[in-house]
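Student: Before I ask anything, here is the structure I am working with.
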Amino acid sequence: MKNPRSSKKPDRTPSVPGPDGKNETGKILLVDVGSGQAMKITGLTGADCVETRFADVTPALLGKHQPYAVVCRLFGGDHDALDLADRLAKIGYKGAILALSPHLPHAAQVRAEITAQCARKGLQFELIVEPVLP
C-alpha cells in the first residue's frame, strides 16, 4: 500500500533559472541543508550539489563552484535566509536563493517581503513551504 505521506508536495514547485535564463540543472550550493532533503523538498533533480555551512560561504567557495542557485532554510541556528542573502550579495552572487520552511501561517506575506529585499540586492528568491504531514 502506498504511503499517503510520501505523495505530499510543497506548496510551490520552484522554477530556478540558470545563468542563461533557462531552467537547467547545474551546481547548487546547499547551505546547512542536506542534499537528500533539499532535492526531495524542492523537486530539483540532476543537480551537482555542494554542501556547505553558512560560515564557509566565501568568495573563494563561490568562485570555485559557481552555483546558479543556493538552497537554505528560511531560519537557521545562527542565521536566516536574509543573512545569507546579504552575505551572497556582498560577495557578488547574482543567482537564486531557495529557502525551505515548515508551514507558515502567512507564507505569501513572508515570500513577498523577502522577495522584495532580495530583489534590491539583485537576487531572485523563492520560498518553498514544506507540506504539512497528517
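The values are calculated or read from the model by the stated rules, or taken from the named source; none is laboratory data. If you're wondering where the values come from, they're calculated on a predicted model, not measured in any experiment.
Student: Pull up the stretch 47-86, narrow it to residues that are of a type in the set (Val, Ile, Thr) and over 12 Å from the mean Cα position of the chain (by Cα), then point me to the one that is nearest to Val33 (Cα to Cα).
Tutor: Residue satisfying both the conditions and the ranking: Thr52.
Student: Moving on. Please go through the stretch 87-134 and give me each residue that is among the acidic types (Asp, Glu) and over 14 Å from the mean Cα position of the chain (by Cα), ordered by number.
Tutor: Within the stretch 87-134, Glu113 is the sole residue that qualifies.
Student: I've got another one for you. Going by what's in this entry, would Gly36 be described as modelled with pLDDT under 95 and under 15 Å from the mean Cα position of the chain (by Cα)?
Tutor: Spelling it out, Gly36 is indeed modelled with pLDDT under 95 and under 15 Å from the mean Cα position of the chain (by Cα).
Student: Kindly provide the set of residues from the stretch 84-125 that are modelled with pLDDT of 95 or more, basic (Lys, Arg) and closer than 20 Å to Arg53 by Cα, ordered by number.
Tutor: Arg87, Lys90
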